[in-house]
Amino acid sequence: MWAIVPLKTFTQAKQRLAAVLSEEERRALMLAMARDVLGALCQCEGLSGVLIASRTQEADALAAAFNTERFSESPQADLPATLAQASEYLTRHLNARGIMVVPADVPLIDPAEIDQMLQTHDRVTLVPDSENIGTNCLIASPPDSIPFVFDGKSFKPHVDAAFAAGITPAIIPSRSFALDIDTADDLRALLALAPSTQTATFLVKSGIAQRLQATDNAASDARPGSTS
């Protein structure tokens, strides 16, 4: 069983946070989240290895730091195509019999919970996001059991694809996978839930956490009936 962590271009990461974070801050945030995710995956006893699927220069440093494999997808590949290419690479060259797709923006994932998922996994396991719209983890044995979607609304399509293939998927809600970072509110939740993560440490050291708190305080003061 191999984990695949796809990484988009860092300079274009997390566009929904552009109103509150600069491009450099979003890049640094993405790196911090990736370090949390890779650190958790590298502690999992049920994984044979971790592969970073990315053409970015940052992926080289991450692969060296965490002693993972690195795969460069074709230049025009979208996310589903990247995952399909990475899965084929793992199957052909590293004898992968199963893959676990984990996005790089779920910094709260827990190694013990992942190992438990892997112990109970059969053919297709799906972990939805907090709204049951997206897929925050997909485990498939063999790797090509179902086609990859991952378009932000992929949970139902992945479920439907499993049933179409004659597979009843295991659906596992997970608190540690539920929080994917896309908005300022997600950053606030992360700071409250996991202040010791590398992502939270970055938010504090960079001053972003303090900016978010100042924004919250200003909004509170502006509400009718508030007192200073």
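The values are calculated or read from the model by the stated rules, or taken from the named source; none is laboratory data. Because the structure is a prediction, the values reported are computed rather than measured. Cβ placement follows ideal geometry from the backbone for every residue including glycine, while neighbour counts extend to all protein chains displayed. Protein only, heavy atoms only, side chains kept; ligands, DNA and RNA dropped before computing areas. Shrake-Rupley method; radii C 1.70, N 1.55, O 1.52, S 1.80 Å.
When the strands (runs of 3 or more DSSP E) confined to the range 2-77 are screened for residues that are of a type in the set (A, V, I, L, M, F, W, C), touching a strand residue (DSSP E or B) at 6+ places or on another chain (Cβ under 7 Å) and open to solvent by less than 20 Å² (accessible area, probe 1.4 Å), those reaching at least 2 such residues are found at 2-6, 49-53. Output the residue which, of all residues in the range 95-118 that are surrounded by fewer than 22 Cβ atoms within 10 Å (Cβ to Cβ) and touching a Leu at 6+ places or on another chain (Cβ under 8 Å), is nearest to Leu191 (Cα to Cα). The residue in question is Pro111. The residue that is surrounded by the fewest Cβ atoms within 10 Å (Cβ to Cβ), among those in the range 119-165 that are of a type in the set (Phe, Trp, Tyr) and in a helix (DSSP H, G or I), is Phe163.
In the range 191-205, of all residues being among the small types (Gly, Ala, Ser) and open to solvent by less than 50 Å² (accessible area, probe 1.4 Å), the one that is nearest to Leu108 (Cα to Cα) corresponds to Ala194. Right, Arg188: more than 17 Å from Pro6 (Cβ to Cβ), surrounded by 15 or more Cβ atoms within 10 Å (Cβ to Cβ), touching a residue at least 40 places away in the same chain (Cβ under 8 Å) and among the basic types (Lys, Arg) or not? When the stated conditions are applied, Arg188 does not pass them.
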